[in-house]
Structure formats: structure tokens, C-alpha cells
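Beneath this line is the structure, given in C-alpha cells, with notes to follow.
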Amino acid sequence: MYSKILLSIGYLSAPFAGPGSAVLTAAGWLSYGAEARKPTFAGIGLIGLLGVAGILTGYYSGAEGLAGTGGVLLLLYHVMGIAAIWMLGIKLNNNALKIGAVLMAVAWLLAVAGASSVNEATKTASGAIVDWGGVSWANEAAKNLIDKIGGTPAIAKAFAAAGAVFASLGFLSLAPRGEAAVADEERIFSIGVY
């Protein structure tokens, strides 16, 4: 129960709370993994908490290498968190979680495309000969429209905020653990009475 509250508040505060949101969601995943006895989710939460701790320790102790490692862990945590939301949405047939995961993933892709990182990465990796799956081509074609709408950062923020709201609603709508087992038990006992 606490994990749902932590995850819901953490994702809902994501557009505003920054690092505080990462701490809340990571604690939520760690708690959810413990409650559901799913070490994968607990591991995701642990990676997030280690990332935040690494960045803070690195900044305050002056160890840039530690801050950099924490940053990589926190980026990994965010990507794994989106994948975990998608997996839960599929497993529990929760449309709000699925929509939230898709919107957050699109926000990440827009953020990368807006920084021209996709274009540079494909050109560097292929020696400017091959455009993997038309990614650079699509990036160039979409750039003008995206700039007219308000720019990639603004659109990415909107998608991230919408995804966070859907994820929060999805976590709030999850049934408490063990509720199905209680319903099955009540049904069995009611059969025995008649």
C-alpha cells in the first residue's frame, strides 16, 4: 500500500520536484518489489537510490567521478522505471500505466532528438553512410514542425508531465495486494455454507 502512494506521489510530482521525485519513486519501486516479492522492481528502486546518493555525495565531496557514476545510474533508473511501468500496465491490464509509460518514453525520445544526439550518434556510428531505420531522416523532417509548435524541450516536458499524471493514476487504481485472495476465500466459504 505504501509503495502505491510513494509511486503515485513521486510520479505526479516529477515535473516539479526534480531529484525529490526520483527519491520518492525509487523508494516506491523498492517498497513495491518488497511487497510483491519481485526482486526486479526492488532492484530498480535500489539503482535509483544509489544514483541519487552517488550524485549528492559526488557534488558535496568534490568527487566528480562519483557524481558521474551516480548520474549514469540515475539515467538507467529512469529508463528501467519506464519499462517497469509498461510491464505492470501489460501484466495488470492497466491502461493508465500503459499510456503513462508511452508518454514518458516519447518525452525521452523527443529530448534526445531535440539535442540532435540521435542525428550525431547515427552519423558517427555509421560513418555518415547509413541512416539506421531512417532515424536521422525522421529527425530532420520533424524538426521544423516541432520548432513551430514550441520546440522539443516544451513538447518533451508536456509529454513527461502527461505521462507522470497517467502513471500516478495507474498506481492509485491498482488493487491492494491480497484482495483477490480474500475474495476467493470468501467465495469458498460461502459455497460451504450452502
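Tabulated data for the structure shown
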quantity	calculated
Listed peptides 29-42, 52-65 by packing density, highest first (mean Cβ within 10 Å)	29-42, 52-65
FRET E, pair SER173, LEU109, Förster distance 30 Å, beta-carbon r, rounded to 0.05	0.70
Extended-chain gain in nm, criterion 0.36 nm per residue less alpha-carbon gap, SER61 and VAL79	3.8 nm
Sequence of ILE99, ILE47 from largest to smallest accessible area, 1.4 Å probe	ILE99, ILE47
Integer Hz, Karplus 6.51/-1.76/1.60 couplings in order for the range 80-85, x for Gly and Pro	5, x, 5, 5, 5, 4
Net lengthening on full extension, MET87/ILE149 (0.36 nm per residue, minus Cα-Cα)	19.2 nm
Distance in nm between pseudo-label sites at ALA34 and ASN95 (7 Å out along the Cβ direction from Cα)	3.5
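The values are calculated or read from the model by the stated rules, or taken from the named source; none is laboratory data. Just so you know, these numbers come straight off a predicted model, no measurement behind them. Neighbour counts are summed over all protein chains in view; Cβ atoms, including those assigned to glycine, are modelled from backbone coordinates with ideal geometry. Please note that ligands, DNA and RNA were not included when accessible areas were found on the heavy atoms of the full protein model with its side chains. Shrake-Rupley method; radii C 1.70, N 1.55, O 1.52, S 1.80 Å.
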